[in-house]
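Colleague: Have a look at the structure that comes next, please.
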Amino acid sequence: MTHDLAQRARQLVGVVSAGLSARHGEGLAEVLARLAQQDIGEAACRAPRPVALPVLQFLPRCLAEVVRFDPQLAACIAALQDDLQWRQSSSYSDEILGTGFTDNYGWAEIVGPNGFFPGRDFLLGLLMLGPGRHYPDHYHPAPELYWPLTPDSRWSRGGQAFETKPQGAIIWHPAMVMHATITTDTPLLALWCWTRDTATPARLKAA
Ligand SMILES: [Fe+2]
């Protein structure tokens with residue numbers, strides 16, 4: 001654990017907190033209250049074992065979009081890109097989700113058991129989805145915030161029609177509410193947060 005890594009990780013959490021604090025939307029108050037309860041002190045920081053995934057081929061394109069939205073946030077993500085442990089849900093496969101899905105999907109924790117700070121029943125991380133993908137209806141007990149940092153992603157909640165959301169939109173999924181995401185030509189990089197009840201993983205509607 002180096003002082004430098006802790007500084008970079010704390011800076012990312014700080015910039016995310018400031019960015020979310022400047023916005024308005026359902027769920028934000030809960031996210032910010034829970035984030036403020038997490039220990040992001042240097043002593044709590046540890047280095048995840050870095051893991052890369054094929055979806056990272058789209059990270060440069062995503063970061064080019066994030067620079068236009070929030071250059072400081074883009075710089076903070078770029079500064080940690082080699083330190084992140086990218087993961088996939090163990091129950092997801094191309095057989096279930098369609099050919100190529102697992103090469104176009106992944107998430108990394110910033111706060112959480114596999115992130116830089118352990119978190120107390122709280123997850124904060126990044127999600128990536130390649131272009132032209134459909135992450136179908138799924139649900140989980142954890143209330144969830146998504147903050148898409150790239151433009152033109154489409155979101156459905158509670159079985160409703162998909163809506164295109166702008167870069168920086170605040171998207172809130174209450175506990176157990178079904179939700180799905182579609183990408184168009186632009187790959188998706190989003191910040192996400194599970195505020196509580198994190199022990200139960202997401203389940204696909206059809207599973
Ligand atoms: Fe979710």
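Colleague: Out of curiosity, is Tyr92 assigned to a loop (DSSP other than H, G, I, E, B) and either on the phi > 0 side of the Ramachandran plot or within 16 Å of the ligand (Cβ to nearest atom) (or both)?
Modeller: When the stated conditions are applied, Tyr92 passes them.
Colleague: Within the range 46-58, is there a residue that is buried (at least 19 other Cβ atoms within 10 Å of the Cβ) and farther than 18 Å from Asp82 by Cβ?
Modeller: Checking the range 46-58: not a single residue is buried (at least 19 other Cβ atoms within 10 Å of the Cβ) and farther than 18 Å from Asp82 by Cβ.
Colleague: Something else now. How many residues does the range 115-168 hold that are touching a residue at least 24 places away in the same chain (Cβ under 8 Å), of a type in the set (Gly, Ala, Ser) and more than 21 Å from Gln11 (Cβ to Cβ)?
Modeller: Here the count works out to 5.
Colleague: Every residue in the range 150-183 that is more than 12 Å from the ligand (Cβ to nearest atom) and surrounded by 21 or more Cβ atoms within 10 Å (Cβ to Cβ), please.
Modeller: Across the range 150-183, the qualifying residues are Thr150, Ser153, Thr183.
Colleague: Look through the range 26-56, keep the residues that are without any contact (Cβ under 8 Å) to a residue 40 or more places away in the chain, under 21 Å from Gly115 (Cα atoms) and part of a helix (DSSP H, G or I), and return whichever of them is farthest from the chain's Cα centre (by Cα). Spell out the reasoning first.
Modeller: Step one: of the range 26-56, the residues without any contact (Cβ under 8 Å) to a residue 40 or more places away in the chain are 29, 32-33, 36, 41-43, 49-52.
Add one more test, that the residue is under 21 Å from Gly115 (Cα atoms), and what stays is 32-33, 36, 41-43, 49-52.
Going one step further and asking which of them are part of a helix (DSSP H, G or I), we end up with 32-33, 36, 42-43.
Details: Leu32: 15, Ala33: 18, Ala36: 18, Glu42: 22, Ala43: 24 Å.
Among those residues, the one meeting the criterion is Ala43.
Colleague: Considering only residues that are surrounded by 14 or more Cβ atoms within 10 Å (Cβ to Cβ) and touching a Ser or Thr at 6+ places or on another chain (Cβ under 7 Å), look in the range 67-100 and name the one that is farthest from Ala18 (Cα to Cα).
Modeller: Tyr92
Colleague: If you check Pro48, Pro141, which single one turns out to be farther than 15 Å from Leu189 by Cβ, in contact with a Ser or Thr (Cβ under 6 Å, 6 or more places away or on another chain) and not acidic (Asp, Glu)?
Modeller: Being farther than 15 Å from Leu189 by Cβ, in contact with a Ser or Thr (Cβ under 6 Å, 6 or more places away or on another chain) and not acidic (Asp, Glu) holds for just one of Pro48, Pro141, which is Pro141.
Colleague: Return the only residue of Leu149, Leu129 being under 15 Å from the mean Cα position of the chain (by Cα), over 21 Å from Gly27 (Cα atoms) and hydrophobic (A, V, I, L, M, F, W, C).
Modeller: Checking each option against the conditions leaves just Leu129.
Colleague: Being in a loop (DSSP other than H, G, I, E, B) and within 15 Å of the ligand (Cβ to nearest atom) is the filter here; which residues of the range 184-207 pass it?
Modeller: Those that are in a loop (DSSP other than H, G, I, E, B) and within 15 Å of the ligand (Cβ to nearest atom): Thr195, Arg196, Asp197, Thr198, Ala199, Thr200, Pro201, Ala202, Lys205, Ala207.
Colleague: Give me a count of the residues in the range 135-149 that are assigned to a loop (DSSP other than H, G, I, E, B) and within 11 Å of the ligand (Cβ to nearest atom).
Modeller: 4
Colleague: Kindly establish whether Asp121 is charged (D, E, K, R) and either away from the ligand (no atom under 12 Å from the Cβ) or buried (at least 23 other Cβ atoms within 10 Å of the Cβ) (or both).
Modeller: It is true that Asp121 is charged (D, E, K, R) and either away from the ligand (no atom under 12 Å from the Cβ) or buried (at least 23 other Cβ atoms within 10 Å of the Cβ) (or both).
Colleague: List pairs: first in the range 186-198 and within 11 Å of Leu127 (Cβ to Cβ) and at pLDDT below 95, second part of a strand (DSSP E or B) and within 12 Å of the ligand (Cβ to nearest atom), Cβ under 8 Å, 6+ apart or cross-chain?
Modeller: none
The values are calculated or read from the model by the stated rules, or taken from the named source; none is laboratory data. These numbers were taken from a predicted model, which means no experiment stands behind them. Virtual Cβ from ideal backbone geometry, glycine too; neighbours counted across all protein chains shown.
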